[in-house]
1. Would you mind classifying the range 4-125 by shape? Square roots of the alpha carbon gyration tensor eigenvalues, ordered a ≥ b ≥ c; an a/c under 1.5 is rounded, otherwise it is prolate if a/b is larger than b/c and oblate if not.
2. For the range 127-229, go through all pairs of different Cα atoms, get the mean of 1/r, take its inverse, and jot down that Kirkwood value in Å.
3. When you count, for each residue, the other Cβ atoms within 10 Å and take the mean per peptide, how do 54-65, 163-174, 103-114 rank with the highest first?
4. Any idea what the dipole of the range 190-229 comes to, in debye rounded to 20, about its Cα centre with Lys/Arg Cβ at +1 and Asp/Glu Cβ at -1?
5. Can you find, among 150, 60, 81, the residue sitting farthest towards the positive end of the charge dipole of the chain, where Lys and Arg contribute +1 and Asp and Glu -1 at Cβ?
6. Percent antiparallel among DSSP beta bridges with both residues in the chain, to the nearest 5?
7. Can you compute the charge dipole magnitude of the range 133-228 about its Cα centre, using +1 on each Lys and Arg Cβ and -1 on each Asp and Glu Cβ, nothing else charged? Give it in debye, rounded to the nearest 20.
8. Assigning unit charges at the beta carbon (Lys, Arg +1; Asp, Glu -1) and nothing else, what dipole magnitude in debye, to the nearest 20, does the chain show about its Cα centre?
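Every read-out reported here was derived from the displayed coordinates using simple, explicitly stated rules and does not represent laboratory data. Predicted, not measured: the structure shown is a model, and the values here were computed from it. Ideal geometry is used to build each Cβ from the backbone, glycine not excepted, and the neighbour counts take in all protein chains shown.
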Amino acid sequence: MEANILVVDDESEIVDLVSVYLRGEGFQVFPCTSGTEALAVVAREKLDMAVLDVMLPDISGMSLCAEIRRNHQFPILMLTARGEDTDKITGLTVGADDYMTKPFSPLELVARVKAQLRRYTSYNSGERETGESLSVNGLTINKTTHQCWLYDELLSLTPIEFDILWLLCANRGKVISAEALFETVWGEKYLDRNNTVMVHIRRLREKLGEPGRNPRFIKTVWGVGYKIE
């Protein structure tokens with residue numbers, strides 16, 4: 001799997017370590033130790049993924065993530081301090097797809113990078129099952145083109161957002177638990193106090209223009225999960 005990956009951390013030792021492991025898997029790595037340097041790379045290179053540290057000396061990792069998301073949909077993995085749940089939630093809110101806490105296992109990071117790239121490559125190449133399209137109350141989602149339309153407006157969804165929405169639409173009327181959503185979409189075991197699904201649901205609702213109360217599409221069944229009617 002060939003891919004260009006941006007790696008940003010103010011600790012050069014971490015940048016070097018991550019770069020060695022990613023290059024060992026055949027990836028092209030663009031190492032940076034500041035947000036300013038990273039933005040220059042984003043503007044200059046065609047990237048397939050970014051690994052961003054939350055704490056940077058000039059631009060915060062959150063701001064960098066949000067800036068990248070303005071024009072790019074490639075996967076972003078955030079590196080956060082251990083136990084900083086606020087960082088994790090904020091990172092997901094501004095557009096990150098996944099996060100890892102420091103200290104982390106380089107091998108696990110590589111595995112997560114590969115998983116995100118597989119999803120992103122599939123999303124952009126149309127390499128999924130045969131063409132299917134679902135329509136729900138003015139929302140149309142197409143599994144072949146990986147496009148989602150709300151009436152006449154094309155929504156800009158990340159691959160994970162698309163997968164969540166497709167799963168809910170494909171199971172219209174059924175309640176899907178946060179655990180089932182996470183384990184199906186991310187392909188990992190769900191852990192208690194995992195806010196990842198909740199934050200992605202919030203982002204999806206924002207893109208769908210959902211009201212805070214009584215949302216039209218994604219409904220919360222308290223204590224059970226989520227559903228689309």
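1. rounded
2. Answer for the range 127-229: a Kirkwood hydrodynamic radius of 14.0 Å.
3. Averaged packing, sorted descending, gives the order 54-65, 163-174, 103-114.
4. Taking the Cα centre of the range 190-229 as origin, the dipole is about 100 debye.
5. 150
6. Looking only at bridges with both residues in the chain, the antiparallel portion is about 45 percent.
7. 300
8. 960
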